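Notes to accompany the following structure.
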Amino acid sequence: SFFAGAPVLNTKQNTATGGLRMNLPVGTIVEASLNAIQVETNSSFAFLNPQYTAFGSLSLRQPLLGGFFVSAQKNVDKSDMELEAAKARYDQEVLSISTQVEQTYWDLYAAERDYAVQKLTRDRAKAFLKETETRAKTGLVGPNQVANARTFLAEQEVLLLDREEQLDRLSDQLSSLIGMRPDTGKSRFISVDAPPDDFPIEEVDVLVGKALQKNLGIQAAKADVEARRALSKAAFWEALPRADLVGSLGGNGLAGTAQEVIFNNDTLLTTRAGTYGDAMRQTLKREFPTWSLGLELTIPIGLRSGLGERDRLDAEVVIAEQREIQLTRILEEQVRASYRELFNGKRRLKATREGVEAAQEQVRIGLIEFQNGRSTAFELVRLGADFAIAQQRYSQALVRSAKAAANLRQLTSGAYTTTRL
């Protein structure tokens, strides 16, 4: 074409774009942009070659029916609530680990005591077998009594191995919780403190109230509810038709290297010239201004999408609330159960101690009767087993109150304290 300005038209264009966008808490979107274009061509009809074109604008969009700050702030509120929930769960997990360490320590104490009792029972079984074999040689007892003594000894040997393995397992568990191994040359940890037997007892309803108020897990659940509610509140506004106020202010700039254009017998020359910087200054000074102002209205058909999303988010709020209620009920059950263990601790300890004393007396009397021929080895074996069981119950009673107190401290997130004022 004659108007192409060259037999083969070659054009080279470079474009640069920059800008800044800001979302304000009230939902306003402010955007500033600046664009520049450089064009080089071999067309003889180009008045500017190269040509520098610049244009910039400052635009604003303000939602009128999108909930203003409610819709714009929803993700911020949701994130803040989720952060609060995560911090609460972290702190609660720290308390849980501390409680688990303490309870494992008391289990280790009880296991050590059970191991010592089992070792004593095994040693007694050995001595009893030796005495039974001696009495059998003299004809005082029959071979069935020796067999009973050997069976009893074998059972105690197996139980001793079980106790030892349980002791090692609890030591390994404690090692994993505290992140360190026993000192060199030692195969397991050894407890050095005995569990206290006196704890302050508060009213159970007071403890439940403290737990419901202070428990970090419940606080995290409440934060989850608020996070879901922030989205649900915004969804109400977002379900409405969208109306946005839009406006902009801008400017254009034009510069370049002027060249003569010959058309027929006329020689033409533009009055415009300048560098890239001149085009930018024209834009910023708005020598060629532009502006716009208007209202954008978007009405979804039937509002079905927005209303459906609102119903879905409302359901998530209900689910989060039910989870909170479930955690609250479980927490109250756990507090009441730990309170009962702590409340009955002294009586349980007294009863098991009396049981140990009675079982020990039975063994003593049974041994005398066996030596006098008034009792059999089978009856003495049964008394020895009863004595071991009584000792185990006493060991559990010793640590049960301490573990219950530690559990109450965890459930109340530290509100329950064992320190008396």
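Just a few scattered comments:
- Across the stretch 44-59, the residues whose backbone nitrogen lies under 16 Å from the label position 7 Å along the beta-carbon direction of Lys285 are 54-56.
- Computed over the alpha carbons of the stretch 335-404, Rg followed by Dmax gives 15.9, 54 Å.
- Taking the Kirkwood radius as Rh and the Cα radius of gyration as Rg, the stretch 247-301 has a ratio of Rg/Rh equal to 1.31.
- Packing rank of 218-225, 198-205, where each peptide gets the mean count of other beta carbons within 10 Å, highest leading: 218-225, 198-205
- In straight-distance terms, cross-link reach from Lys346 covers every one of the lysines whose alpha-carbon lies under 23 Å from its own, apart from those fewer than eight places away in the same chain; here that gives Lys403.
- Largest to smallest principal axis extent of the C-alpha atoms in the stretch 295-376, angstrom: 110, 27, 14
- Ranked by how many other beta carbons lie within 10 Å on average, peptides 2-9, 398-405, 245-252, 271-278 from highest: 398-405, 245-252, 271-278, 2-9
- For peptides 287-299, 354-366, sequence by mean Cβ density within 10 Å, most packed first: 354-366, 287-299
- Area accessible to solvent at Met280, 1.4 Å probe radius, in Å²: 50
- Rounded percent of accessible protein surface that carbon and sulfur make up, the chain, 1.4 Å probe: 56
- Overall form of the stretch 85-200 per C-alpha gyration tensor (a/c, 1.5; a/b vs b/c): prolate
- The Cα trace of the stretch 51-150 gives Rg and Dmax of 39.4, 128 Å, the first to one decimal, the second as a whole number.
- Set against the 2.2 N^0.38 Å expectation for a compact globular protein, the stretch 1-70 has a Cα radius of gyration ratio of 1.83.
- The C-alpha atoms of the chain occupy a region whose extents along the principal axes are 150, 49, 46 Å, arranged from largest to smallest.
- Mean-position separation - Cα centroids, the stretch 86-133 and the stretch 221-279, in angstrom: 74
- Dividing the summed helix terms, -39500 (n - 2.57) for each DSSP H run of n ≥ 4, by the number of residues in the chain produces a 222 nm estimate of -21000 deg cm²/dmol to the nearest 500.
- Whole-percent pair-distance distribution, where bins are 10 Å wide, for the alpha carbons of the stretch 219-352: 10, 15, 13, 12, 12, 12, 9, 7, 5, 3, 2, 1, 0
- Only Cα sites of the stretch 277-421 enter the Debye sum here, all with the same form factor; the resulting log10 I(q)/I(0) across q = 0.15, 0.16, 0.20, 0.21 1/Å is -0.94, -0.98, -1.15, -1.19, listed in q order.
- Taking all protein chains as they are arranged and a probe of 1.4 Å, the heavy atoms of Ile325 leave approximately 70 Å² accessible to solvent.
- Rounded tilt (10° steps) of 304-343 against the dominant C-alpha axis of the chain: 20
The values are calculated or read from the model by the stated rules, or taken from the named source; none is laboratory data. Since this is a predicted model, take the numbers as computed values, not measurements. Every residue, glycine as well, gets a Cβ built from its backbone with ideal geometry; the counts of neighbours run over all protein chains shown. Just so you know, the surface numbers come from the protein's heavy atoms only, side chains and all, with ligands and any DNA or RNA stripped out. Shrake-Rupley method; radii C 1.70, N 1.55, O 1.52, S 1.80 Å.
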